[in-house]
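For reference, the structure is listed below as structure tokens.
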Amino acid sequence: MFDKRTVALVIATYKSPRSLRLVLESVLHQSVLPNEISIADDGSGKSTQMVIDEFRKRFSVPVRHFWHPDDGFRKTIIMNKAIAGTHCDYIIQIDGDIVLHPHFVRDHLDVAEYGCYIRGSRVLLSENKSKDWIAQAKSETIFPFSQGIKNRINAIRIPALSPMFIKKSFRSDNVIGCNLAFWKSDFVKVNGYNNDLKGWGHEDIELAARFVYAGVMQKKVKMMAVCYHLYHPHNERDRETVNYRIYEDTLRKGRTYCSNGYHKVQRYQH
């Protein structure tokens, strides 16, 4: 299990400063803080920068901001840049609309295991509850029978029972990038996110497929690492079919490595 290695919380964001504020507030109240926070910003403006600058003053750990200009959905590239920019051993990855349970980071560290990547889950918040949280700039305690939530079972946190529901498999098609964790060394080994996947869709399962073919098992976790997904309209999905074909090609050929990934971004940075 986790043996006091360093951990980075990587947050992907795009032009949603009010949601990001709520997310960072939830990070601030973690029972165990990450060693650093890295924000992977796919082209937001000054309002997002202002939120980040404000929270930098409030955190006792470094808050790093990785940004590139807005040129369409280029999440894979900015995630590769953010992960290249950390020296931490372990990566916990969320989106900029994921509010964390106070023990989220602690739980991820407790379930971390060599040879595995972690597939977490999320509680879906209704549009009205999400608007209330964002307007108030604070969240509330969520219970399985609270109003305004979906995926109610995902709101249950009982660490003592969690091991009974943990499942290990060589599976990739059920991964959600908004609650995902992995060793940086495994990420580097498969060359990180595939930059050929542009626009919304399937970059997370394509990465997971290469993890699997490289021998990294999925560890699916329930009743720990609880988080809450703020409602938002669907992104444009004009590239979804193309991206899914890339994922299928990875499966068909059993690829463990993508040619256009982490290492190209790293060379570009240096």
Least to most buried among Arg5, Arg64 (fewest other Cβ within 10 Å first) = Arg5, Arg64
Along the principal axes of its C-alpha atoms, what lengths does the stretch 221-270 span, in descending order and rounded to whole Å?
-> 35, 30, 25
Give the Cα extents of the stretch 1-142 along the principal axes, in whole Å, largest first.
-> 39, 35, 28
From fewest to most C-beta neighbours within 10 Å, the residues His202, His29, His263 line up as His29, His263, His202
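How big is the equivalent ellipsoid of the chain along its three axes, where each semi-axis is √(5λ) from the Cα gyration tensor, reported in whole Å from largest to smallest?
Working: eigenvalues 131, 99, 71 Å².
Here the semi-axes work out to 26, 22, 19 Å.
Determine the gain in length on full extension of the stretch Asp249-Ala214; use 0.36 nm per residue of separation and subtract their C-alpha separation, reporting nm with one decimal.
Additional length available on full extension: 11.0 nm.
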Setting aside same-chain residues fewer than 8 positions from Lys222, which aspartates and glutamates have a Cα under 15 Å from its Cα?
-> Asp107, Asp110
Does the stretch 162-267 come out rounded, prolate or oblate by the C-alpha gyration tensor, with a ≥ b ≥ c the root eigenvalues, rounded set by a/c under 1.5 and, if not, prolate when a/b is larger than b/c and oblate if not?
-> oblate
With no solvent and one equal point scatterer placed on each C-alpha of the stretch 59-196, evaluate the Debye formula and give log10 I(q)/I(0) for q = 0.10, 0.13, 0.18 Å⁻¹, two decimals.
-> -0.41, -0.71, -1.29
Neighbour-count order for Leu180, Leu197, Leu33, fewest beta carbons within 10 angstrom listed first = Leu33, Leu180, Leu197
Label-point separation (nm) for Gln49 and Asp196, each offset 7 Å from Cα along Cα-to-Cβ?
-> 3.5 nm
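Computed from the coordinates by the stated procedures, all read-outs in this text should not be read as laboratory data. Since this is a predicted model, take the numbers as computed values, not measurements. Backbone-built Cβ (ideal geometry, glycine too); neighbour counts: all protein chains shown.
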